[in-house]
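Undergrad: Below is a structure I'd like to ask you about.
The values are calculated or read from the model by the stated rules, or taken from the named source; none is laboratory data. Nothing here was measured: the structure is a model prediction, and the numbers come from that model. Please note: Cβ atoms are built from the backbone with ideal geometry, for glycine as well, and neighbour counts cover all protein chains shown. When the accessible area is computed, the model is the full protein with side chains, heavy atoms only, and any ligands, DNA or RNA have been set aside. Shrake-Rupley method; radii C 1.70, N 1.55, O 1.52, S 1.80 Å.
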Amino acid sequence: YFNRYEFFIEDGDYKIIPGIEIPIKSTDKYIQFKSGKDRFDKLSDEKYGSPFYGWLIMLANPLAGSVEFEIPDNFKIRIPFPLLSTLQDYKKSVDLYKLYYGEN
């Protein structure tokens, strides 16, 4: 399990988690979103074998918005793949964000 929240705890309090950009890779997968059928936790389970990475799919699709039931039917969804290298990219981006904004 990858706890993305651990990077944003300070003195026991959670800070706001920034929208981190997930870089596009040639290995990414794409689907046509089926409104009323697809959900990011289900897509995560299908593609990664775990339902806990829907947040990663959401970060990879900023134009889709932040609410699944508002995503239009047939919207092209990018699923960052493979999972491990995507999580490593996310961690690097978090480190850069903290360096740039002076956060610990």
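Undergrad: Of all residues in region 1-24 being of a type in the set (A, V, I, L, M) and assigned to a loop (DSSP other than H, G, I, E, B), which is farthest from Y101 (Cα to Cα)?
TA: I24
Undergrad: Might you let me know whether region 84-91 holds any residue that is without any contact (Cβ under 8 Å) to a residue 24 or more places away in the chain and either more than 20 Å from K29 (Cβ to Cβ) or open to solvent by less than 30 Å² (accessible area, probe 1.4 Å) (or both)?
TA: no
Undergrad: Right, next: Could you tell me whether F69 is in a helix (DSSP H, G or I) and farther than 26 Å from S26 by Cβ?
TA: Answer is yes for this residue.
Here's the yes/no breakdown for (1) at pLDDT below 95; (2) farther than 12 Å from I77 by Cβ; (3) open to solvent by 20 Å² or more (accessible area, probe 1.4 Å); (4) in contact with a strand residue (DSSP E or B) (Cβ under 7 Å, 6 or more places away or on another chain):
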site: E21; (1), (2), (3), (4): yes, yes, yes, no
site: K25; (1), (2), (3), (4): no, yes, yes, no
site: D28; (1), (2), (3), (4): no, no, no, yes
site: I31; (1), (2), (3), (4): no, no, yes, yes
site: S35; (1), (2), (3), (4): yes, no, yes, no
site: S44; (1), (2), (3), (4): no, no, no, no
site: Y48; (1), (2), (3), (4): no, yes, yes, no
site: W55; (1), (2), (3), (4): yes, yes, yes, no
